[in-house]
Amino acid sequence: MIKTITTLSALLISSFIFSQKLDEKKLVKELSDKACKCIDSISASNKEKSAVVNDIHDCIDKQTGALQLGSLFSSVEVLQKKAPEVNGKKEINLEFNTNKNSEQYKESYNKIERVLMNDCKHLKTLINTAETKDSKFSDNEDAVEYYTKAVNSSKQEDWNGAIKNYKLALEKDPKFVYAWDNLGICYRRIGDYDKAIDAYKKSVAIDPTGKMPLQNIAIAYIYKKEYQKAIDAYLDLDKVHPNDAEVYYGIGQIYALHLENNEKGIDYIAKAYKIYNHQKSPYRTDAEKIIGIIYNKMKEQNKLDKFKEILKKNDINFE
């Protein structure tokens, strides 16, 4: 629904609202901070990932209308110059679109979301927690005690101390999936990618559906610059979790940033972006960044027509 806020003379709007200039960037930051505080209050405990994402969406949605209005008012000066005179006065219609599928709403929503992805630390932690909450834990008290010590060492970035305690936890419970996963992360942190891959594979051997280790095997291969193995690992993830955005995003990154195959890169990233967008996932901002990088590369190569063609094939409008 489109609501005409009012029809006011440009002079009245300028004197009433713009006695203090509206700084849209400052407004975006202020509204994003409010959304971040809302997100900080969200718990991933006993929630599916989709429920957590919806809670995040609600936090952003609450601030979006205010940004829509702010953006409208900030455009008054430009509209004033273009507006025709009626009875010696310039009149401006400001239309506030309440439809959440409208470009006006989406633009404001995305501005807040992009700031949050850069500045709101709890956002990605929240999503990652929701994704891994089903990982198998241990019933062995000694294993859990060592695991807790390892987690505390990781918080201090004492990766070697964490590795020592994760290994002790696994001696007590060799099927402690979460310990294998985190051991792999610690090995990756110290640059021992082969041991990281081995730990992730041990986890997958116990729980073949584990998304976290399957995804991190691919990431470790990227660090090793073994890009075809990384692609194969993402395809293994796709077999277990078909049509997962992380598969398309990961493969797209490899093609675009490492193998200089921009056409394959944009095709995969576009697929990831569509899924993120459908899920209202904040990770779509990461996909946008890669799309921007590929755009610049293909522009330099005079291949923008191909760039637009691939996006159109994936039902993405590019302006």
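In table form, for the structure just shown:
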item: Test: residue in segment 200-213 that is free of Cβ contacts under 8 Å to residues at least 40 places away in the same chain and assigned to a loop (DSSP other than H, G, I, E, B); result: yes
item: Output for segment 302-319, where each listed residue is surrounded by 12 or more Cβ atoms within 10 Å (Cβ to Cβ) and outside any helix (DSSP H, G or I); result: Lys303, Asn314, Ile316, Phe318
item: Some residue of segment 166-173 being surrounded by 15 or more Cβ atoms within 10 Å (Cβ to Cβ), in a helix (DSSP H, G or I) and either within 27 Å of the chain's Cα centre (by Cα) or among the polar types (S, T, N, Q) (or both); result: no
item: From Asn160, Asn165, Asn243, Asn182, residue being within 28 Å of Ile294 (Cα to Cα) and touching a helix residue (DSSP H, G or I) at 6+ places or on another chain (Cβ under 9 Å); result: Asn243
item: Cβ pairs under 6 Å, 6+ apart, first in segment 281-297 and surrounded by fewer than 18 Cβ atoms within 10 Å (Cβ to Cβ), second among the aliphatic types (A, V, I, L, M) and in a helix (DSSP H, G or I); result: Thr285/Met117
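No value in this document is a laboratory result; all are computed from the given coordinates. Here the structure is a predicted model, which means the values were calculated and not measured. Positions of Cβ are generated from backbone atoms using ideal geometry, with glycine treated the same way; all protein chains shown enter the neighbour counts.
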